[in-house]
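The structure appears below as structure tokens.
The values are calculated or read from the model by the stated rules, or taken from the named source; none is laboratory data. Please read these numbers as outputs of a predicted model, since none were measured by experiment. When we count neighbours, we look across all protein chains shown, and the Cβ atoms used for this are built from the backbone with ideal geometry, even at glycine. Ligands, DNA and RNA are excluded from the accessible area calculation, which covers all protein heavy atoms including side chains. Shrake-Rupley method; radii C 1.70, N 1.55, O 1.52, S 1.80 Å.
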Amino acid sequence: MSISMHSASVPIFVRMLSNMLVWLDKAEAHAAAKKFDSKNYLGLRLTADMLPFSAQIQIASDSVKGCLSRLGGLEAPKWADDEASLDELRARIRKTIEYAQSVPAAKIDGSETREINVPMGPGRTAKLTGEVFLKHFSLPNFFFHCTMTYALLRQGGVELGKMDFLGGA
């Protein structure tokens, strides 16, 4: 039996976004235990030319919206990138989960051969099939930014392990 485009996207996104909520809870607890403001996490970077922690979550969120909107032929919701606390980042993640769960499977299933145009910078657009877009662009991009979020929290001292990243079975 083959899997559907919906089952290869929405449940994956929802699970990892839900895991990210747990990470933020652990970050909040870590900051409280160490007696520092949890807003300190928002600017964390692995290197000076990297986007900060808050942007990693915003881009992970945007990649979900962009993927499902393109696959479903829908208009992506537009949200300002102005989160200034862990609570606001949690709210964005929850909003992203709600959006992902609101996209009907019928809109995404069958999109594997749909042509998807992806802006790749000034004057450049990649034309991909829906399947290639999902498997070789959207999912890797999403997981990149999730992984950076996790790594930055680990660098910040938050006690996270592999099962926090993978989530419960």
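The number of residues in segment 144-169 that are touching a residue at least 24 places away in the same chain (Cβ under 8 Å), assigned to a helix (DSSP H, G or I) and open to solvent by 60 Å² or more (accessible area, probe 1.4 Å) comes to 2. Does Glu115 meet the test of being charged (D, E, K, R), free of Cβ contacts under 8 Å to residues at least 60 places away in the same chain and surrounded by fewer than 14 Cβ atoms within 10 Å (Cβ to Cβ)? Yes; evaluated as a whole, the condition is true for this residue.
Within segment 65-92, residues that are closer than 20 Å to Tyr150 by Cβ reach partners that are charged (D, E, K, R) and in a loop (DSSP other than H, G, I, E, B) with beta carbons closer than 6 Å, at six or more positions or on different chains, in the pairs Leu89/Glu83; Arg92/Glu83. For the condition in contact with a strand residue (DSSP E or B) (Cβ under 6 Å, 6 or more places away or on another chain) and either in contact (Cβ under 8 Å) with a residue 12 or more places away in the chain or outside any helix (DSSP H, G or I) (or both), Asn141 does not qualify. Taken as a whole, the condition of being open to solvent by 30 Å² or more (accessible area, probe 1.4 Å), closer than 22 Å to Met5 by Cα, not in a loop (DSSP other than H, G, I, E, B) and not hydroxyl-bearing (Ser, Thr, Tyr) does not apply to Phe133. Of the residues making up segment 118-130, those that are open to solvent by less than 90 Å² (accessible area, probe 1.4 Å), more than 18 Å from the chain's Cα centre (by Cα) and within 30 Å of Leu42 (Cα to Cα) number 3.
The set of residues from segment 96-120 being out of contact with any Leu (no Cβ under 7 Å at 6 or more places or on another chain) and under 16 Å from Ile59 (Cα atoms) comprises Tyr99, Pro119, Met120. In segment 6-32, the residues that are under 13 Å from Gly157 (Cβ atoms) reach residues that are among the acidic types (Asp, Glu) and exposed (fewer than 14 other Cβ atoms within 10 Å of the Cβ) with C-beta atoms within less than 8 angstrom, at least six apart or across chains, in these pairs: Lys26/Glu159; His30/Glu159; Ala31/Asp37.
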